[in-house]
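The values are calculated or read from the model by the stated rules, or taken from the named source; none is laboratory data. Because the structure is a prediction, the values reported are computed rather than measured. All Cβ positions, glycine included, derive from the backbone under ideal geometry; neighbour counts span all protein chains shown.
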Amino acid sequence: MNINECIAKPDSPIRSYWEYMAFQHVDICIVGAGIIGLSTALECRKRFPNASITILEKAPHGHGATTRNAGLACFGSATELLHDIDVFGSDHALNIANERFLGLTSLLKRCAPDAIKYEPLGGAELIRERELQYLHRIDEVNAFAENITGDPQTYRIVSAQEQQGLGFSQAVQAVIVNTYEGQLHSGYLHATLESLARAEDIRIEHGSDVLHVNDIDEHGTLLVSSQHGEYTLHAQTIILCTNAMMSKLAPELDIKPGRGQVIVTSPIPDLPFQGAFHIDEGFYYFRSLGDRVLLGGGRNLDFEGEETFEFGHSGIIMEALETMLHEIILPKKEFCIDYAWSGLMGFTPDKKPRVSSLSNHVYCAFGCNGMGIALASRIAERIASLLEDS
Ligand SMILES: Cc1cc2nc3c(=O)[nH]c(=O)nc-3n(C[C@H](O)[C@H](O)[C@H](O)COP(=O)(O)OP(=O)(O)OC[C@H]3O[C@@H](n4cnc5c(N)ncnc54)[C@H](O)[C@@H]3O)c2cc1C
């Protein structure tokens, strides 16, 4: 046998014999180390204590939505819920909102609130002229939300005096609060989930870009690109958790990317509010970040343009965000923009997540529709249960 035949023997020539023997075959391989991938790995560990579990992630810290979001731990503003009732019907809307509420409860059980800097400051919504129609439906949304929180007064319109203290512009005609919501630090959330995963003997291989997934008779195969070259990996079960990028590995799935853009102000002395807020049926969202304000959204200004896999900014949306800060949120304050970034969400047509098997060895879990902090834990529980039952 000549030397070339020897080197060619393992199908991953960039791996040593040791690496090949230790890492080439795993029981469960998860693609994507976002909040769903990490939560799924942890749920799998609960159900399969002896399984070898590896997560392949193409970027250093993840490069999608989990470390680029706004950190709102919310289950739905009043106008968003009413909108969903109108568009999808009560049962469907209740299912979406209830899954978010249960997901937040699970997340806070999994991650110590201090570790992820969870602040139960409540969520609120700014009502302007165009949303006034919803104000008259506060009893309806409260009756709906009682099915979720058990509280007949989940949503409350604040008094005129309380509203004045928040410092918003005169264009804001009312503020509706929901004390069951909160906010957290998305970077620490990601780091906490990674630590929990490592403590459970789950390997996380960063810098591993999965190019292709194949299902052959006895196992699934992944073709992976790394800075040292390409290699293959075999897994009894592959779970795709790549969110907005899902269609690159499984083009048949009904998910579309949606870019989200975020800005953060300079510190603002005497910031008049704390907590998380929504405007325009949730299309804009902002929160206190210490003495700064984080604002994101505006995708509805250009749905088509924002249906992209490209990170970056659009002039029209950045301008709208800055205008919203100056004219509505902080009308009497001076500040500049210290940070700006974007991330990619994944949207399904009916706003529901997808958890399913694609073939014998390949599964998928995705579709948080911009609410992954709330939904990921439930999605992870569902995919792990599906594996257990199959
Ligand atoms: C700007 C913005 C603001 C948001 N604000 C909030 C909020 O306040 N509250 C809230 O609940 N939700 C918010 N979201 C949504 C939330 O962040 C997402 O729903 C959630 O993070 C989705 O998690 P995920 O694990 O499905 O996806 P992701 O976090 O996108 O993770 C997918 C991972 O897969 C990796 N990957 C992709 N393709 C491959 C491949 N081929 N090989 C290997 N790895 C791959 C990516 O690098 C990525 O790390 C926001 C999203 C954005 C973009």
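When region 55-67 is filtered for residues that are of a type outside the set (Ser, Thr, Tyr), within 6 Å of the ligand (Cβ to nearest atom) and crowded, with 22+ Cβ neighbours inside 10 Å, the ones remaining, listed by number, are Leu56, Glu57, Lys58, Gly62, Gly64, Ala65. Residues of region 317-355 that are modelled with pLDDT under 95 and among the hydroxyl-bearing types (Ser, Thr, Tyr): Thr348 alone. Within region 170-189, if we keep just the residues that are part of a helix (DSSP H, G or I) and buried (at least 20 other Cβ atoms within 10 Å of the Cβ), the residue that is nearest to the ligand (Cβ to nearest atom) turns out to be Ser186. Can you tell me which residue is farthest from the chain's Cα centre (by Cα) among those in region 201-224 that are within 13 Å of the ligand (Cβ to nearest atom) and free of Cβ contacts under 8 Å to residues at least 24 places away in the same chain? Ranking the candidates gives Leu223 first. One residue alone among Ala33, Ala51 is more than 15 Å from Ser377 (Cβ to Cβ), at pLDDT 95 or above, part of a loop (DSSP other than H, G, I, E, B) and more than 11 Å from the ligand (Cβ to nearest atom), and that residue is Ala51. Of everything in region 225-246 that is within 9 Å of the ligand (Cβ to nearest atom) and within 24 Å of the chain's Cα centre (by Cα), the residue that is farthest from Gly370 (Cα to Cα) is Leu240.
Within region 105-132, which residues are assigned to a helix (DSSP H, G or I) and surrounded by fewer than 23 Cβ atoms within 10 Å (Cβ to Cβ)?
Within region 105-132, Thr105, Ser106, Leu108, Lys109, Arg110, Glu129, Arg130, Glu131, Leu132 qualify.
Criterion first (in contact with a Phe, Trp or Tyr (Cβ under 8 Å, 6 or more places away or on another chain) and of a type in the set (Phe, Trp, Tyr)) does Phe75 satisfy it? Spelling it out, Phe75 is indeed in contact with a Phe, Trp or Tyr (Cβ under 8 Å, 6 or more places away or on another chain) and of a type in the set (Phe, Trp, Tyr).
Consider region 226-239 and keep the residues that are at pLDDT below 95 and among the polar types (S, T, N, Q). The one that is surrounded by the fewest Cβ atoms within 10 Å (Cβ to Cβ) is Gln227.
When each of Ala124, Ala78 is tested for being more than 9 Å from the ligand (Cβ to nearest atom), out of contact with any Asp or Glu (no Cβ under 7 Å at 6 or more places or on another chain) and either over 29 Å from Gly258 (Cα atoms) or among the hydrophobic types (A, V, I, L, M, F, W, C) (or both), the lone residue that passes is Ala124.
All told, Phe144 meets the bar of being of a type in the set (A, V, I, L, M, F, W, C), in the same structural domain as His278 (by TED's automatic domain parsing), away from the ligand (no atom under 16 Å from the Cβ) and over 17 Å from the mean Cα position of the chain (by Cα). Within the set Leu271, Leu249, the sole residue that is more than 15 Å from the chain's Cα centre (by Cα), surrounded by fewer than 19 Cβ atoms within 10 Å (Cβ to Cβ) and more than 20 Å from Ser77 (Cα to Cα) turns out to be Leu271. Would you confirm whether any residue within region 288-295 is more than 8 Å from the ligand (Cβ to nearest atom) and touching a Gly at 6+ places or on another chain (Cβ under 7 Å)? Yes: one or more hits.
Applying a threshold of 9 Å to beta carbon distances and a minimum spacing of six or more residues, or different chains, the list of pairs starting in region 349-378 at a residue that is in a loop (DSSP other than H, G, I, E, B) and ending at one that is more than 11 Å from the ligand (Cβ to nearest atom) and of a type in the set (Ser, Thr, Tyr) reads His361/Thr221; His361/Thr237; Gly367/Thr348; Asn369/Thr348.
For region 205-221, filtered to residues that are surrounded by 15 or more Cβ atoms within 10 Å (Cβ to Cβ) and not in a strand (DSSP E or B), the residue that is modelled with the lowest pLDDT is His219.
Answer yes if at least one residue in region 138-157 is of a type in the set (Ser, Thr, Tyr) and crowded, with 20+ Cβ neighbours inside 10 Å, and no otherwise.
Our first condition is that a residue be of a type in the set (Ser, Thr, Tyr); within region 138-157, this holds for 149, 154-155.
Subsequent filtering for residues that are crowded, with 20+ Cβ neighbours inside 10 Å retains 154-155.
Yes; the residues of region 138-157 include at least one that is of a type in the set (Ser, Thr, Tyr) and crowded, with 20+ Cβ neighbours inside 10 Å.
Restricted to region 54-104, and to residues there that are touching a Lys or Arg at 6+ places or on another chain (Cβ under 9 Å) and part of a loop (DSSP other than H, G, I, E, B), the residue that is nearest to Phe23 (Cα to Cα) is Gly62.
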